[in-house]
Structure formats: structure tokens, C-alpha cells
1. Are there strands (runs of 3 or more DSSP E) fully within the range 8-78 with at least 1 residues that are in contact with a strand residue (DSSP E or B) (Cβ under 7 Å, 6 or more places away or on another chain) and crowded, with 18+ Cβ neighbours inside 10 Å? List them.
2. Does the range 9-50 hold any residues that are without any contact (Cβ under 8 Å) to a residue 24 or more places away in the chain and within 12 Å of residue 68 (Cα to Cα), and which are they?
Amino acid sequence: MRENQDYREVLADIKLDFGDIKMLTVNQAAELLQCDPRTIKALIESRKLTAVDIATTGVNKQYRIPAASLARFITKEN
């Protein structure tokens, strides 16, 4: 798969905002996309955004979103 031109720039922006972290919380992703965390969870559950399920206790699922995955999602939407 060919990398979108803006991917590296978006990934660099994510790293500027959150440091050199590899995984973001749902709240961090929501902050970056300026949306409700429930929107991020819906994107994950519909498989439009790749994430790692780190806790599956009832309704309190916890996800971590790879920064690279979020950058791909952002550039795919533009």
C-alpha cells in the first residue's frame, strides 16, 4: 500500500502534541480530532480505526490507538 503524502506530516504533528508516544488513549485521539470519545470508540468498533483492546471488562472497554493508525485514518479522510 502506498503511503499518503500527508501521512508523515500528520504523524509528526501527533508526536508534537503528545510526545514520542506510540499509542494514544481514546481521550487523546478525541482531543486531536476534536470530537467526543464515543465517536472514537464507534470508529474503532466499526473497524474504521485500528486499535488494541487492552481491557474488556463489560461496557468499560479500554483501547489504545497506534499513532501511525490515527495518522493513516486522518490522511485517508482528507
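Every number here is computed from the coordinates shown, using simple stated rules; none is lab data. Being a predicted model, the structure only gives us computed values, none of them experimental. Positions of Cβ are backbone-derived with ideal geometry, glycine not excepted, and every protein chain shown enters the neighbour counts.
1. Answer list for the range 8-78: 23-25, 62-66.
2. Correct list: 9, 12, 13, 20, 50.
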